[in-house]
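The values are calculated or read from the model by the stated rules, or taken from the named source; none is laboratory data. What you are looking at is a predicted structure, and each value in this text was computed from that prediction instead of being measured. With ideal geometry, Cβ positions are generated from the backbone for all residues, glycine too; neighbour counts draw on all protein chains shown.
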C-alpha cells in the first residue's frame, strides 16, 4: 500500500511541475565541429534563429566562429580547450585576461557569454591535466574580476559520471577518491562564486554499456516502473544521474550548487538502440523537463538547464560508429527528426 501511495504522489508531483508556470530552464544545443562537411557559421546562425534556438555550446573559442554570433540574441557557452589549461594555470590573471580578450571578448560581446566551460571531462579524457584545472579556473576568474565581468560570466568545468565511484542508486553516489583532490576545490570555487556544476549526461552510454541492468525504456523516459530510492521515485536514467551528482556533492559538504547539463543526447545511427525515433523520444523528453520547471526527485521544481548534443553529425568523430551520428539537423539544414524548439 505504501508503495502504491508513493507512486501516486510521484505522479502528482510530476504532473504539477510539468504544468506549473515557473521560470523555465533554457534549452540549448551543442555546436561541435569534428566534421569536414559543415555549413559556414553564418548559415548555422541563420539555422539557429529560424528554429528558435537561443543558447549554443561552442567547444573552442575560434574568433572567426564567434564573430558570426556577435550582435545576435544567441547566448554562448564557450569552451576553454583542455590543451590550454596548463598555460593558463601557469600564467597570471593579467595573462589570462589577455587570453580572454584575444580569443573571446574581441569577437563577441560579453553579455552574450553566460558561461565559460574550462576544459571538458578533463578528469577522464586528460587526467595528466588534472593538476592544472583548478589553477586555470582561478586565473580565469581573476581575469574576469580585472575586466569587471565576474558577475556576468560564470566559470565551471564539465564532468561525466565516470568521476563517481558509485552512481546508482542515486543516494549511494560518491566521487571517486582518486578525483577528490580536483573535485573538492572545484566545488568550493563553484559554491563561492554561485556557479553551477556542469555535467555531461548520457543514458545512451549507460544502456549500451550495461543493457542487462538498465532497460531501454528507463533510458528513454518510457518506463512504467518507478524505482524507489530514499523515498524518492525515479522513472528515468536522466533524473537518476543528475541526482547522483547532487548526492555526491552533498557527501562532500556542498548542498546548494546548481547543475547545468552541458551535454546530453542520443544517436540516430551506428549501433544498438541508436535511431531517429529513439533520439526524438529522448531529446523531446529532456526538452519538456527543461522547458518546464519540473526539476528532479531530489530537487523538485528546480529546473535544469540543458544543452542537447549535437547540432550536426560529425564524420571525423573518433570512437564507435554511433559517435558520428548525434546530429539533430542535417548539414543542408533539414531536421534529422522533427524536434521542435519553438
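Suppose the filter is within 30 Å of residue 44 (Cα to Cα), at pLDDT 95 or above and over 19 Å from the mean Cα position of the chain (by Cα); does residue 313 pass it?
Taking the combined requirement at face value, the residue does not satisfy it.
Please report, ordered by residue number, the strands (runs of 3 or more DSSP E) entirely within region 186-242 with at least 2 residues that are within 30 Å of residue 321 (Cβ to Cβ).
Answer list for region 186-242: 197-200.
State whether the residues of region 125-145 include one that is closer than 14 Å to residue 197 by Cα and assigned to a loop (DSSP other than H, G, I, E, B).
no
Could you go through region 300-308 and let me know if any residue there is surrounded by fewer than 19 Cβ atoms within 10 Å (Cβ to Cβ), touching a helix residue (DSSP H, G or I) at 6+ places or on another chain (Cβ under 7 Å) and either in contact (Cβ under 8 Å) with a residue 12 or more places away in the chain or under 25 Å from residue 115 (Cβ atoms) (or both).
Of the residues in region 300-308, the ones surrounded by fewer than 19 Cβ atoms within 10 Å (Cβ to Cβ) are 300-302.
Subset that is touching a helix residue (DSSP H, G or I) at 6+ places or on another chain (Cβ under 7 Å): 300-301.
Now restrict to residues that are either in contact (Cβ under 8 Å) with a residue 12 or more places away in the chain or under 25 Å from residue 115 (Cβ atoms) (or both): 300-301.
Yes - at least one qualifying residue is present in region 300-308.
Suppose we filter 278, 283 for residues that are in contact with a strand residue (DSSP E or B) (Cβ under 9 Å, 6 or more places away or on another chain), on the phi < 0 side of the Ramachandran plot, in a helix (DSSP H, G or I) and modelled with pLDDT of 90 or more; which single one remains?
283
Check region 245-257 and report whether any residue there is at pLDDT 95 or above, out of contact with any helix residue (DSSP H, G or I) (no Cβ under 7 Å at 6 or more places or on another chain), part of a strand (DSSP E or B) and closer than 30 Å to residue 149 by Cα.
Within region 245-257, not a single residue is at pLDDT 95 or above, out of contact with any helix residue (DSSP H, G or I) (no Cβ under 7 Å at 6 or more places or on another chain), part of a strand (DSSP E or B) and closer than 30 Å to residue 149 by Cα.
Please count how many residues of region 36-59 are part of a loop (DSSP other than H, G, I, E, B) and over 13 Å from residue 332 (Cα atoms). Give the steps one after another, and end with the answer.
Kept after step one, since they are part of a loop (DSSP other than H, G, I, E, B), are these residues of region 36-59: 36-40, 51-54, 59.
Filter once more, so that each one left must be over 13 Å from residue 332 (Cα atoms): 36, 51-54, 59.
Of the residues in that region, 6 qualify.
Identify, from the list 127, 135, 169, 185, the residue that is modelled with pLDDT under 95 and touching a helix residue (DSSP H, G or I) at 6+ places or on another chain (Cβ under 8 Å).
169
Regarding residue 73, is this residue surrounded by fewer than 17 Cβ atoms within 10 Å (Cβ to Cβ), out of contact with any strand residue (DSSP E or B) (no Cβ under 9 Å at 6 or more places or on another chain), free of Cβ contacts under 8 Å to residues at least 60 places away in the same chain and not in a helix (DSSP H, G or I)?
So residue 73 passes the test.
Please determine whether any residue of region 97-107 is part of a loop (DSSP other than H, G, I, E, B), without any contact (Cβ under 8 Å) to a residue 60 or more places away in the chain and within 26 Å of residue 46 (Cα to Cα).
Yes - at least one qualifying residue is present in region 97-107.
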